[in-house]
1. Which far-off residues, 5 or more places away or on another chain, put their amide H under 5 Å from the one on residue 41, with H placed in the peptide plane?
2. At R0 = 35 Å, how high is the FRET efficiency between residue 159 and residue 209 if r is their beta carbon distance? Nearest 0.05 is fine.
3. Quick one: Karplus J couplings for the range 61-73, per residue in order, coefficients 6.51, -1.76, 1.60, θ = phi - 60°, nearest Hz, x for Gly and Pro?
4. Quick query: amide H of residue 189 versus all other amide H atoms, modeled in the peptide plane; which residues come in under 5 Å with a sequence gap of 5 or more or a different chain?
5. In straight Cα distance, which lysines are under 24 Å from residue 219, not counting same-chain residues fewer than 8 positions off?
6. Which ordering of 137, 206, 69, 38 is given by a fewest-first count of other beta-carbon atoms within 10 Å?
7. Explain nothing, just compute: Karplus ³J(HN,Hα) = 6.51 cos²θ - 1.76 cosθ + 1.60, θ = phi - 60°, for every residue of the range 126-136 in order, whole Hz, x for Gly and Pro.
8. Which of the listed residues, 169, 201, 236, is farthest toward the dipole's positive end in the range 166-238, when Lys, Arg count +1 and Asp, Glu count -1 at the beta-carbon?
Amino acid sequence: MSLVYPRRQRQLESLVQKLGLSVDAPIKWQLLDLALTHPTVSESANYEQLEFVGDAVVRLVAAIVLWEHYADCPVGDFAAIRSVLVSDRILAQLARQYGLELYLLVAGSATADQVGQESRLADAFEAVLGALYLSTHNLQLIRSWLDPHFQQLATEIRLDPARLNYKAALQEWTQAHFKVLPEYRVVEVTQPHRTQERFMAEVWLHEKMLGQGKGRSIKAAEQAAAKVAFLAISEQEKH
């Protein structure tokens, strides 16, 4: 069923064709329109609920792609790679490839907010996935165009482990095994020789320190500690 507004209908059909889908596909156009409506346009009719659905969808697609193409990967690596694939940075990057910003309805001060554009695009991308999923209640309208992106990105990430988000991967692991988040304890270290690594972080789980690391910022120190912990856990799981 098409929309009341022919111009908007043509816009959405243009996007669908960019995704490699047919305009005759079983798409619920009202949902797709909603997926591309920012909360600044309407407080009640916007993409927020579809984004919630799409968040689960994108994680499922990433998991299936990894399962199908990297069956030799330990589950820890799955979590680390998926955390990158579903990050705002990657989702916003994919959104830009399809020109999603051209179809996203935004109003007010948000239009001039360049800093928030990445999160807006990532949110809208997830909402589009939610709309496509709810159109058929399966992944029929999604995997044909999203899978190749995730396959290529996963290959690149495996070749360059520095791209892995160890903090997110460790969080995935602790939630899966213990239903809790790891705790980070950060202190600012003294700098007698003015070293660049200003912060020291420790990551703890159930009163056991899993790893520690240093960094120029709190975030970098936490990431370094998470990497030590995650790699140690991954090594243990191999034996």
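Computed from the coordinates by the stated procedures, all read-outs in this text should not be read as laboratory data. Nothing here was measured: the structure is a model prediction, and the numbers come from that model. Positions of Cβ are generated from backbone atoms using ideal geometry, with glycine treated the same way; all protein chains shown enter the neighbour counts.
1. Counting only residues 5 or more places away or on other chains, the set is 107.
2. About 0.65, to the nearest 0.05.
3. 4, 4, 5, 5, 4, 5, 4, 6, 10, 9, 4, 7, 6
4. For residue 189, the qualifying residues are 199, 200.
5. Excluding near neighbours in sequence, the set is 167, 179, 208, 227.
6. Values: 137 7, 206 10, 69 14, 38 20.
Going from least to most buried by this count: 137, 206, 69, 38.
7. The phi angles translate into 4, 5, 4, 4, x, 5, 5, 5, 6, 5, 10 Hz.
8. Toward the positive end, the furthest listed residue is 201.
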